[in-house]
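The values are calculated or read from the model by the stated rules, or taken from the named source; none is laboratory data. Since we're looking at a predicted model, the values are computed, not measured. Here the Cβ positions follow ideal geometry from the backbone for every residue, glycine too, while neighbour counts run over all protein chains shown.
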């Protein structure tokens, strides 16, 4: 399967059995069979407009231009497709999405911006802890 995906998507990085693909995930999932992956670990856009905020990494760096990558969360179609292609899922930011009941893993994070949450829930689909 990894060799097949590597041939289909020329923008990639491979290290042994790990393949990172630079492509739209919906295009990639078209080429993945049902339950072909054991685990999908994803961090989709939350739909909170984080890309619109101007920010600096430090006082000596450039201010980044706002982008629209986080204007809306993925559709239900995305999550349904993800669950059909992998046996188990970890979805970071699961608290932002309308997902079916499952287990959640809560993690704390250091946040310097007041508009972001200090807790993040990871939705665990089919994962036993």
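Residues in region 73-83: is at least one more than 22 Å from residue 32 (Cα to Cα), at pLDDT 90 or above and in a loop (DSSP other than H, G, I, E, B)? For region 73-83, residues more than 22 Å from residue 32 (Cα to Cα), at pLDDT 90 or above and in a loop (DSSP other than H, G, I, E, B): present. When 54, 14 are checked against the criterion of being at pLDDT 90 or above and outside any helix (DSSP H, G or I), 14 stands alone in meeting it.
In this structure, residue 66 does satisfy being modelled with pLDDT of 70 or more and either farther than 25 Å from residue 31 by Cα or loosely packed, with under 10 Cβ neighbours inside 10 Å (or both). Residues of region 28-50 include at least one that is more than 21 Å from residue 121 (Cβ to Cβ), surrounded by fewer than 15 Cβ atoms within 10 Å (Cβ to Cβ) and at pLDDT below 90. For region 8-25, which residues satisfy the criterion of being surrounded by 13 or more Cβ atoms within 10 Å (Cβ to Cβ), in contact (Cβ under 8 Å) with a residue 12 or more places away in the chain and touching a helix residue (DSSP H, G or I) at 6+ places or on another chain (Cβ under 7 Å)? Scanning region 8-25 gives 9, 14, 19, 21. For region 73-89, a residue qualifies if it is surrounded by fewer than 16 Cβ atoms within 10 Å (Cβ to Cβ) and under 14 Å from residue 30 (Cα atoms), and the qualifying residues are 77, 80, 84. Exactly one residue among 114, 109 is loosely packed, with under 14 Cβ neighbours inside 10 Å, modelled with pLDDT under 80 and in contact with a strand residue (DSSP E or B) (Cβ under 9 Å, 6 or more places away or on another chain), and that residue is 109.
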